[in-house]
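Presented below is the structure to which this report refers.
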Amino acid sequence: MSHRSGRHFLQIPGPTNVPDRILRAIERPTIDHRGPEFGALGREILAGLKEIFRTAGPVVIYPASGTGAWEAALVNTLSPGDRVLMFETGQFATLWRRLAERLGLEVEFVAGDWRRGVDPEAVEAKLSEDRDHAVKAVCVVHNETSTGVTSRVAEVRAAIDRAKHPALFFVDTISSLASIDYRHDEWGVDVTVAGSQKGLMLPPGLSFNAISDKALTAAESARLARSYWAWDEMLKANAKGYFPYTPATNLLYGLREAIDMLLEEGLDQVFARHARLAEATRRAVRAWGLEILCVDPREYSNSLTAVLMPAGHDADAFRATVLERFDMSLGNGLGKVQGKVFRIGHLGDFNDLMLSGTLAGVEMGLAAAGVPHRRGGLQAAVDYLAGVSGEAAGADLRNAKSG
Ligand SMILES: Cc1ncc(COP(=O)(O)O)c(C=O)c1O
């Protein structure tokens with residue numbers, strides 16, 4: 001491989017571009033994880049994370065990918081043979097289901113077409129039918145990274161409440177946390193699962209569980225085997241800022257920096273920035289005459305857009321052209337939609353000109369790969385970005401919330 005000048009465009013929907021500030025923070029010498037300096041680092045991070053998850057409760061950090069945090073949520077709260085309700089929103093929901101079944105849980109998997117999020121009415125109907133309360137947990141992927149569809153978590157919570165059902169509520173926010181509005185406490189979530197490599201702008205390698213009091217109580221009687229993932233020892237050590245085993249110290253330096261950056265910008269502004277860049281992306285896709293996989297505008301993802309290829313054209317061949325010609329990685333189609341969609345990641349440390357470069361790469365790639373499309377997608381996005389400033393988008397979002 002010869003040297004390629006300029007920055008690679010990493011426009012997969014995670015891992016995302018790691019900003020220089022975070023890279024520099026990670027690069028410091030590793031310290032004694034049982035010394036006083038580490039305790040202060042741990043306490044600072046564990047407090048800051050509460051703001052990011054919008055919770056007053058504990059958030060635990062695992063040196064693991066997101067899959068580990070999925071497992072942790074289940075093994076800490078459930079027992080062999082427990083029933084859980086899951087929804088086929090896409091590849092990640094499908095993988096979480098497989099993990100749950102391997103652990104010995106009995107999963108009811110509500111079928112879906114990979115173009116919509118979880119239907120709150122289906123949640124209410126399923127739970128209302130369950131008069132004996134056999135279902136112990138409802139698991140939802142907030143933002144399906146394989147499809148670019150965001151489920152309406154607050155509405156799912158309201159549906160659980162309407163059914164007056166005591167099930168625990170678990171939400172995977174791996175590709176939504178710190179990109180799309182999310183509120184652990186307000187939305188009555190019992191365990192929020194998250195990862196480092198997307199909205200948090202860090203390299204892969206950390207994952208999280210934000211835990212409600214109800215989940216902590218469930219953990220006291222849950223019987224699935226657990227050791228590495230056990231919350232009790234983790235929380236005991238975390239009380240003083242430490243970990244029960246060797247933590248990923250340098251990634252934690254990065255996490256401290258990421259929390260600072262997100263709070264400096266302000267979470268609401270972070271969400272508004274993502275919403276605006278996502279809208280610009282969708283305008284580009286429509287102008288190209290291509291189809292967005294997500295069919296319900298209420299569920300458009302603000303962290304990525306999955307685009308359907310015209311019939312007879314292979315998404316992976318197109319992606320290969322973009323990589324070779326323009327040094328940009330786009331997300332591939334996963335599982336059922338492999339070869340049929342490509343995904344544009346627009347989350348994390350990302351701004352107007354990075355998006356413009358990304359969309360220019362897609363538009364040039366469509367032409368170079370001979371994919372039928374109309375020109376003008378980039379222009380449509382740029383016109384939108386020029387007309388709506390980031391500040392105005394943030395103010396709009398705040399007004400919409402208070403109004
Ligand atoms: C929504 C979602 N859930 C779970 C995962 C699995 O996380 P990991 O690959 O970090 O184990 C991913 C990974 O991209 C994801 O996007």
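The values are calculated or read from the model by the stated rules, or taken from the named source; none is laboratory data. Here the structure is a predicted model, which means the values were calculated and not measured. Neighbour counts are summed over all protein chains in view; Cβ atoms, including those assigned to glycine, are modelled from backbone coordinates with ideal geometry. Surface accessibility is based on the protein's heavy atoms, side chains included, excluding ligands, DNA and RNA. Shrake-Rupley method; radii C 1.70, N 1.55, O 1.52, S 1.80 Å.
Positive end of the dipole of the range 9-117 (Cβ unit charges, origin at the Cα centre): among 114, 75, 9, the Cα lying farthest that way belongs to 9.
Taken per residue, the accessible surface of the range 51-114 reaches 34 Å², heavy atoms only and a 1.4 Å probe. Measure nothing but the geometry: give the 0 to 90° angle between the long axis through the Cα atoms of 390-402 and the longest principal axis through the Cα atoms of the chain, rounded to 10°. Result, in degrees: 40.
Among the lysines of the chain, pairs that are 8 or more positions apart or on different chains and have alpha carbons within less than 16 Å of each other number 6. Note on the chain: with charges restricted to the Cβ of Lys and Arg (+1) and Asp and Glu (-1), its dipole about the Cα centre is near 460 debye.
Of the solvent-accessible surface of the range 1-104, computed with a 1.4 Å probe over protein heavy atoms with every protein chain present, carbon and sulfur atoms account for 54 percent.
Of all accessible surface on the range 250-403 at a 1.4 Å probe, what whole percent is carbon and sulfur?
Taking all protein chains in place, the range 250-403 shows 52 percent carbon and sulfur surface.
Taking 0.36 nm per residue of separation and subtracting the Cα-Cα distance, full extension of the segment from residue 67 to residue 43 would add 6.2 nm. Based on Cα atoms of the range 280-338, Rg over Rh with Rh as the Kirkwood radius reads 0.96. Values of log10 I(q)/I(0) for the chain across q = 0.07, 0.13 Å⁻¹ run -0.32, -1.11, by the Debye formula with one identical scatterer at each alpha carbon and no solvent.
Grab the DSSP H runs of the chain that are 4 residues or longer, score each as -39,500 (n - 2.57), total them, divide by all residues and round the 222 nm result to the nearest 500 deg cm²/dmol. The helix-only estimate for the chain comes to -14000 deg cm²/dmol at 222 nm. Between the Cα long axis of helix 315-326 and the first principal axis of the chain there is an angle of about 70°, rounded to the nearest 10. In the context of the full set of protein chains, residues of the range 196-279 present 39 Å² of accessible surface per residue (probe radius 1.4 Å, heavy atoms only).
Tell me which trypsin sites (Lys or Arg not before Pro) from the range 148-249 have a DSSP coil assignment and no more than 16 other beta carbons within 10 Å of their own. Please report the intermediate quantities before stating the final value.
On the way: sites: 152, 157, 162, 164, 183, 198, 214, 223, 226, 236, 240; in loops: 152, 164, 183, 198, 223, 226, 240.
Here the trypsin sites (Lys or Arg not before Pro) that fit, given the DSSP loop and packing criteria, are 164, 183, 223, 240.
In this rough spin-label picture, where each label sits 7 Å from Cα along the Cβ direction, the residue 245-residue 50 distance is 2.7 nm.
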